[in-house]
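What follows is a single structure, written as structure tokens, with notes after it.
The values are calculated or read from the model by the stated rules, or taken from the named source; none is laboratory data. A quick note: this is a predicted structure, and the numbers were derived from the prediction, not measured. Backbone-built Cβ (ideal geometry, glycine too); neighbour counts: all protein chains shown. Accessible surface is based on the protein model in full, side chains and every heavy atom, while ligands, DNA and RNA are left aside. Shrake-Rupley method; radii C 1.70, N 1.55, O 1.52, S 1.80 Å.
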Amino acid sequence: MTTRTTNILRQATQPEGMDFNGTWQVYSEENLEEFLKAVGAPQMIVKMRKEIKPMIVIKQNGKDFTYTMKTPAFTKVHSFTIGKETEMTTVDGRKLKCTFREEDGKLIAETDKFTSVREIQGDNMVETVAAGSVTFISRSKRV
């Protein structure tokens, strides 16, 4: 299959403007420690995540997503569908109810603890997460 055919098929099966498919390397994180503390992450997780820039793998098929975060210490996989509530488990085992939606090409996740907005900006994926008065920003490049 040619790259052009693959791109046409991908566009036909995804909400307009949303192409998160691929492997992404996080290269920048702002306010990570403050965010993790705001959402109640244990100190061990805060310390570990400060040292690691994860690899993110997103598989998107229409409104269905599989999101995998890979680090040397753990791999965490979440599957979800746009418009449906799903239960997610944090690295330290806490359960969160989360609903995802698409708005203007952005992928938005809402829980009772935070709201995440993920978008493509040129060659970058930018995630902005608000938890109370703390805003965490993660930037990744497609690899």
Can you say whether residue 81 is over 17 Å from residue 127 (Cβ atoms) and surrounded by fewer than 16 Cβ atoms within 10 Å (Cβ to Cβ), as far as the supplied structure shows?
yes
Within the group 53, 47, which residue is at pLDDT below 95, part of a loop (DSSP other than H, G, I, E, B) and open to solvent by 40 Å² or more (accessible area, probe 1.4 Å)?
53
Output the number of residues of the stretch 87-143 satisfying the condition of being outside any strand (DSSP E or B), open to solvent by 40 Å² or more (accessible area, probe 1.4 Å) and more than 23 Å from residue 73 (Cβ to Cβ).
6
